[in-house]
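These notes are about the structure you will find just below.
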Amino acid sequence: MFGLGSYLRLAVKQYKSLLRHVLTYMEDAVSQLLENREDISQYGIARFFTEYFNSVRQGTHILFREFSFVQATPHNRASFLRTFWRCFRTVGKNGDLLTAQEYHCLLQLLCPDFPMELTQKAARIVLMDDAMDCLMSFSDFLFAFQIQFYYSEFLESVAAIYQDLLAGKNPNTVIVPTSSSGQHRQRQPPNDCNPLEGVEASLFYQCLESLCDRSKYSCPPSALVKEMLSNVQRMTFYGFLMALAKDQGINRALGALPDKGDLFLDPAMDEELEKLVAQVSGLSVSGPASSSADTANMPVRNSPRINSPWKPLHHRRKMDAESEGSNEETDSSEN
């Protein structure tokens, strides 16, 4: 077991990271303010900033945004993971199995330019080979995707360290990605000389511990990584990624998703869906006399609100057309 100190250090690191990225949100807010100044002038600048940072706090600010913004901060990444889970958990609840391409279509409903490369990397953690057309359960893909997406830069460095260890080198320097532009490099799958053996776990952990201490990017808690690697003598690269994805301690430390046993439970979302279904049902059966009373409780479409940043509202209209194309593509593939 690991102590409270590990969690506290992680919390402090995340808090400092959030402070470091305040400028990111200020710049984004000002950019959207200037882009939509004519509309916002009707409600006032103070209200816009209040609603914008409320959306950041609630995690809805990443909806329909460009990928460069979605991955810009750890908070954005956690918010995107939580939103993806809440929107599409019914896929797992119904027991549906999807391919990597189909999961990618779901990701693009929330982020139109989400890169296929990240989806493929997440799928590879589950499939352990290049059979990218194989079916995956929602829970398997989600937890693998969480590790790949949230710890993307960390995994790039881990892949390089693993390759050096396979080649008989002992990395004396930590390889840390220097670009945060959102352009993810193509990670070459580690060429295991003997995939069943991998590398020595203790030496592997020493390198990873140094990486976690010096990296400015998000890393899994080193205490959890140590506990994971102390139980084996050797570890393969994809075996390590799968262990990260399955570790509920790492999942709790990240804080974006519930435990696997509670993955399909979301009472708050269920309540909202029930209200929406009841509202839609009431509209469909109500006559002209009651329609005005029902619609009085619904949001007015011609009065824009600022519950979420303005740019996502612009992207939402774009996504309506794109999602129709994605549905047609999936239907044709099933036939």
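In terms of solvent-accessible area of protein heavy atoms at a 1.4 angstrom probe, what is the ranking of 124, 57, highest value first?
Values: 124 45, 57 160 Å².
Sorted by accessible area, descending: 57, 124.
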(request) Tell me the label-point distance for the pair residue 96, residue 216, using the 7 Å Cα-to-Cβ offset, in nm and rounded to one decimal. (result) 4.1
(request) Sort the following peptides by mean Cβ neighbour count (other Cβ atoms within 10 Å, averaged over residues), highest first: 197-209, 35-47, 70-82. (result) 70-82, 197-209, 35-47
(message) Tell me whether the range 56-170 comes out rounded, prolate or oblate; compute the Cα gyration tensor, take square roots of the eigenvalues as a ≥ b ≥ c, and use a/c under 1.5 as the rounded threshold.
(response) oblate
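The values are calculated or read from the model by the stated rules, or taken from the named source; none is laboratory data. Everything quoted here is computed from the prediction, not taken from an experiment. Don't worry about glycine lacking a Cβ; one is built from the backbone with ideal geometry, like all the others, and counts go over all protein chains shown. Remember, those area values only see protein heavy atoms, side chains included, never the ligands or the DNA or RNA. Shrake-Rupley method; radii C 1.70, N 1.55, O 1.52, S 1.80 Å.
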